[in-house]
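The values are calculated or read from the model by the stated rules, or taken from the named source; none is laboratory data. Everything numeric here is computed off the predicted structure, so don't read it as measured data. Reconstructed Cβ throughout: ideal geometry from the backbone, glycine too, with neighbour counts over all protein chains shown. Please note that ligands, DNA and RNA were not included when accessible areas were found on the heavy atoms of the full protein model with its side chains. Shrake-Rupley method; radii C 1.70, N 1.55, O 1.52, S 1.80 Å.
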Amino acid sequence: MATPHIEVNDKNLFGKTVLMPGDPLRAKFVAETYLTDIKLINQVRNMFAYTGNYQGKKITVMGSGMGMPSIGIYSYELYKFYDVENIIRIGSCGAYDPNLKLYDVIIARDAYSESSFAKVAYNYPENILPASEHLVQALNASAKKLAIPVTNATIHSSDVFYRHQGDVFRDVRDKHGCVAVEMESFALFANARFLGKHAACILTVSDSLVTKEETTAEERQTSFHKMMEIALDSAK
Ligand code: HPA
């Protein structure tokens with residue numbers, strides 16, 4: 001029973017928990033770096049999914065692609081057709097809050113969006129949707145155990161990366177309390193709610209809309225490890 005976007009025929013090839021970076025090559029990197037006995041189970045559209053073991057627990061790492069339409073498709077199919085229970089997005093974000101520094105790690109409490117995704121898909125009227133509380137707690141407990149400082153906050157899930165109205169982010173920040181922007185969590189949280197599943201999101205600050213600083217690819221790799229270790233520890 002493959003789906004339109006996932007060629008896997010046996011549900012058991014997926015773990016109950018899936019970590020989702022946006023980039024499928026990052027999924028490959030995570031699997032090769034942290035998991036043992038890895039198996040590549042999806043290659044449709046090069047959206048690689050790997051299942052392996054992390055300290056005795058079966059975990060899948062799969063790319064989501066960029067944006068709510070893309071993560072909306074993959075997370076729906078994972079929850080609905082492959083009995084996946086938990087999806088933890090592991091991504092990068094742009095800081096709206098001047099107090100956030102590059103490489104800071106954020107655990108999303110909830111995601112605000114002006115996207116029509118939740119309304120169109122499920123007739124949900126909310127423009128803010130929560131992460132699953134117990135996953136947030138698990139991520140926080142792992143961060144604490146690993147002595148990695150994290151910020152728990154509301155994030156903005158935006159449909160737009162390139163904007164030519166420089167200061168619009170200040171409105172979103174000030175009206176909705178968003179500390180940073182990414183492009184996926186609101187759709188993920190909507191799918192989890194509708195399907196009775198669980199979702200969370202952990203992010204590393206890769207750039208700042210306030211200071212216009214950016215990280216290099218190499219620097220991102222190191223900070224990415226902190227986020228990954230929190231996500232993996234919470235998943236086991
Ligand atoms: N906008 C949206 N998504 C992002 C950004 C951004 O500035 N940085 C990292 N992910």
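Read through the list (1) in a helix (DSSP H, G or I); (2) of a type in the set (Val, Ile, Thr); (3) within 17 Å of Ile155 (Cα to Cα), then give the number of the only condition that Ile88 fails.
Failed condition: (1).
Which fully enclosed strands (runs of 3 or more DSSP E) of region 20-78 have 2 or more residues being open to solvent by 10 Å² or more (accessible area, probe 1.4 Å) and under 18 Å from Ile6 (Cα atoms)?
The qualifying strands (runs of 3 or more DSSP E) are 36-42, 49-54.
In region 91-114, how many are within 11 Å of the chain's Cα centre (by Cα) and either at positive phi or in a helix (DSSP H, G or I) (or both)?
Count: 0.
So, in region 144-199, how many residues would count as being part of a helix (DSSP H, G or I), buried (at least 23 other Cβ atoms within 10 Å of the Cβ) and more than 15 Å from the ligand (Cβ to nearest atom)?
Going through region 144-199 one residue at a time, the tally reaches 4.
What's the number of the only condition in (1) surrounded by fewer than 18 Cβ atoms within 10 Å (Cβ to Cβ); (2) within 13 Å of the ligand (Cβ to nearest atom); (3) within 26 Å of Thr17 (Cβ to Cβ); (4) charged (D, E, K, R) that Asp104 fails to meet?
Exception for Asp104: condition (1).
In region 157-174, what residues are farther than 15 Å from Ala111 by Cβ and charged (D, E, K, R)?
Arg163, Asp167, Arg170, Asp171, Asp174 - these are the residues of region 157-174 that are farther than 15 Å from Ala111 by Cβ and charged (D, E, K, R).
Among the residues of region 73-89, is there at least one that is within 16 Å of the ligand (Cβ to nearest atom) and closer than 30 Å to Glu218 by Cβ?
There is at least one residue in region 73-89 that is within 16 Å of the ligand (Cβ to nearest atom) and closer than 30 Å to Glu218 by Cβ.
Scan region 132-146 residue by residue and report those that are touching a residue at least 12 places away in the same chain (Cβ under 8 Å) and charged (D, E, K, R).
Across region 132-146, the qualifying residue is only Lys145.
Would you tally the residues in region 41-85 being under 18 Å from the mean Cα position of the chain (by Cα) and of a type in the set (S, T, N, Q)?
The qualifying residues number 5.
Starting from region 26-38, take each residue that is on the phi > 0 side of the Ramachandran plot and list its partners that are surrounded by fewer than 22 Cβ atoms within 10 Å (Cβ to Cβ), counting only C-beta distances under 9 angstrom and pairs at least six apart or across chains.
As it stands, the answer is Asp37/Gly52; Asp37/Asn53, since those pairs meet every condition given.
Looking at (1) under 30 Å from Lys80 (Cα atoms); (2) at pLDDT below 95; (3) not in a helix (DSSP H, G or I), which one does Phe224 not meet, given that it meets all the others?
Only one criterion in (1) under 30 Å from Lys80 (Cα atoms); (2) at pLDDT below 95; (3) not in a helix (DSSP H, G or I) is unmet by Phe224, namely (3).
Go through region 2-19 and give me each residue that's part of a loop (DSSP other than H, G, I, E, B) and surrounded by fewer than 21 Cβ atoms within 10 Å (Cβ to Cβ).
Ala2, Thr3, Pro4, His5, Glu7, Asn9, Asp10, Lys16
Could you tell me how many of the residues in region 202-236 are open to solvent by less than 40 Å² (accessible area, probe 1.4 Å) and within 12 Å of the ligand (Cβ to nearest atom)?
7
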